[in-house]
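The values are calculated or read from the model by the stated rules, or taken from the named source; none is laboratory data. From a predicted model like this one, the values you see are computed outputs, not experimental measurements. Methodologically, a virtual Cβ is constructed for each residue, glycine included, from the backbone with ideal geometry; neighbour enumeration extends over all protein chains shown. Areas reflect the complete protein model, heavy atoms only, side chains present, ligands, DNA and RNA absent. Shrake-Rupley method; radii C 1.70, N 1.55, O 1.52, S 1.80 Å.
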Amino acid sequence: MQWLFLIIGLVLGLLFGIIGVNFYYKRGLSAEQKQLAEDSEKAKVEAEKIQAQAQKDAENRKRELLLQAKEEISKARVELEHDVREKRQELARERNKLEQKEDNIEKQLANAENKRAELDKKLEEAQKSLERTKEIEAAKERELESISGLSIAEAKSLVLDAAEKEYSHDMAVMLRQMEEKTKQDADKIAKDIIVSSIQRYASDYVSEATVSVVNLPNDEMKGRIIGREGRNIRAIETITGVDLIIDDTPEAVILSSFDPIRREIARLTIEKLVSDGRIHPARIEEMANKARKEINQTIKQEGERAAYETGVMNLHPEIIKLLGKLRYRTSYGQIVLQHSIEVSYLAGMMAGELGLDVNFAKRAGLLHDIGKAVDFEQEGTHIQLGYDIARKYHESENVCNAIEAHHGDVETKTPEAALIAAADAISAARPGARRENLETYINRIQKLEEIATSFDGVDKSYAIQAGREIRVIVQPEKVNDEEMILKARQICKKIEDELDYPGQIKVNIIRETRATDVAK
């Protein structure tokens with residue numbers, strides 16, 4: 001465009017020059033000047049030609065620019081229409097996927113309802129069969145009474161009368177006297193032994209609480225623990241299974257959980273994070289793993305301490321670990337490891353007074369509640385689990401019997417086994433040893449977690465908010481997004497059928513997929 005303006009300027013200059021020369025010519029200039037005038041006229045004509053050519057070139061350039069702009073606009077329109085078509089196709093695919101998911105869920109719910117109807121039908125048939133069985137038994141009883149001519153009560157009376165006639169009155173009196181005397185002597189001896197043992201061993205009791213307090217250097221640290229939009233506190237609760245309570249308490253965070261091991265892991269994790277200063281989900285997971293390792297080491301040390309204090313030797317390493325776990329297991333608020341140590345001492349002292357095997361009594365007393373180390377992880381009573389553990393790690397048959405019989409479920413085979421049962425009752429009955437309310441609460445929370453983990457595909461479950469919420473973490477490769485809804489409904493149904501609880505329980509299912517790589 002600059003060259004166009006330059007040409008126009010030159011043309012205008014030539015025009016002004018020609019006009020001046022013409023004016024001068026008309027004023028009577030010389031022949032030479034007339035010649036100059038003619039030359040100027042020719043220059044004027046030439047300038048007009050140049051101007052016309054410049055205008056023509058400018059018009060051509062303008063048309064070229066317009067065509068180029070139209071081509072670019074057309075190309076942009078085509079690209080935009082292509083993008084719009086792709087977006088519409090993508091939305092259509094997503095809509096089809098959602099419709100398929102809805103159809104699958106409806107089919108699954110329909111199948112579940114059909115199965116429930118079949119089960120109800122089978123239950124009704126079983127009840128009818130039971131009623132028919134009872135009717136048949138009643139008919140048989142009436143038939144027997146008709147044949148014998150006696151009712152069941154009359155037959156029992158005849159048998160008892162015949163048995164009573166076989167014993168004389170004098171023998172009955174003598175046996176009663178001997179029985180009373182023996183009982184009096186045995187009661188006196190037993191009381192003396194028990195009182196002596198209790199006096200020789202006295203220990204303090206510390207009730208286990210369900211909360212821990214972590215002190216912070218300042219209140220600003222509370223905000224860092226919570227994290228942006230609460231991501232850090234959610235990560236801590238998910239990884240440790242402990243409920244964090246952050247309130248107006250100055251420079252402190254409260255940890256709440258029925259499981260002391262989880263609570264201790266969470267406490268160590270937060271202390272490490274506060275000391276390190278870096279608080280984010282990846283760091284939280286790293287510190288939690290370190291805290292678990294420390295707790296495992298503490299568990300081993302506690303088991304070794306219990307064995308050393310009671311003088312029980314040659315225990316299997318796995319039994320040592322299980323004993324250490326009892327440090328974090330409570331029964332009616334009583335720490336089970338301390339209870340087991342006390343039972344071991346009491347049984348050993350009573351065995352010494354009676355001239356029995358002291359080492360055997362101490363060993364059986366220390367191991368009598370070993371099943372409580374795994375009863376929240378495995379099915380069965382702590383008695384049966386403890387018996388299985390003792391047999392698995394090659395404890396003697398008498399020790400196994402003492403474990404199995406300490407609640408009277410089976411007959412004792414040795415006097416020492418009876419002492420274990422007595423020492424267990426003494427330890428539990430001492431003032432301040434146990435609390436009923438805490439044990440009931442813990443049993444309910446443990447049952448809640450057991451119900452959640454009983455379903456296929458569940459990796460972990462944590463009861464939080466004092467049992468008002470159960471957080472279930474599923475395995476992403478086994479449970480997809482559609483199955484999560486049905487899984488939550490199934491867990492709720494089982495909780496309603498098997499558990500008594502106040503208020504409501506929220507079932508929160510979490511499915512998380514992670515991808516990890518290393519930059520080199």
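The residue that is modelled with the lowest pLDDT, counting only those in region 417-443 that are among the acidic types (Asp, Glu) and open to solvent by less than 20 Å² (accessible area, probe 1.4 Å), is Glu439.
Only a single item in (1) modelled with pLDDT under 90; (2) touching a helix residue (DSSP H, G or I) at 6+ places or on another chain (Cβ under 8 Å); (3) on the phi < 0 side of the Ramachandran plot; (4) open to solvent by 20 Å² or more (accessible area, probe 1.4 Å) is not met by Val374, and it is number (4). Checked against (1) acidic (Asp, Glu); (2) surrounded by fewer than 20 Cβ atoms within 10 Å (Cβ to Cβ); (3) touching a residue at least 40 places away in the same chain (Cβ under 8 Å), Asp369 passes all but condition (2). Here Met313 fulfils each of the conditions (1) hydrophobic (A, V, I, L, M, F, W, C); (2) outside any loop (DSSP other than H, G, I, E, B); (3) open to solvent by 50 Å² or more (accessible area, probe 1.4 Å) apart from (2). Taking (1) within 25 Å of Val374 (Cβ to Cβ); (2) in contact with a helix residue (DSSP H, G or I) (Cβ under 9 Å, 6 or more places away or on another chain); (3) open to solvent by 40 Å² or more (accessible area, probe 1.4 Å) in turn, Lys478 satisfies each apart from (2). Restricting the first member to region 43-66 and to residues that are closer than 15 Å to Ile18 by Cα, and the second to residues that are among the β-branched types (Val, Ile, Thr) and open to solvent by 100 Å² or more (accessible area, probe 1.4 Å), the beta-carbon pairs closer than 9 Å and six or more apart or on different chains are Lys44/Ile19.
Would you confirm whether any residue within region 473-488 is within 15 Å of Lys447 (Cα to Cα), in contact with a Lys or Arg (Cβ under 9 Å, 6 or more places away or on another chain) and at pLDDT 85 or above? The answer is no; no qualifying residue exists.
Highlighted here are the helices (runs of 4 or more DSSP H) found entirely within region 218-297 that include at least 1 residues which are small (Gly, Ala, Ser), over 25 Å from Ala463 (Cβ atoms) and more than 19 Å from the chain's Cα centre (by Cα): 220-226, 260-276.
Residues of region 486-504 that are of a type outside the set (D, E, K, R), surrounded by 10 or more Cβ atoms within 10 Å (Cβ to Cβ) and more than 15 Å from the chain's Cα centre (by Cα): Leu486, Gln490, Cys492, Ile495, Leu499, Tyr501.
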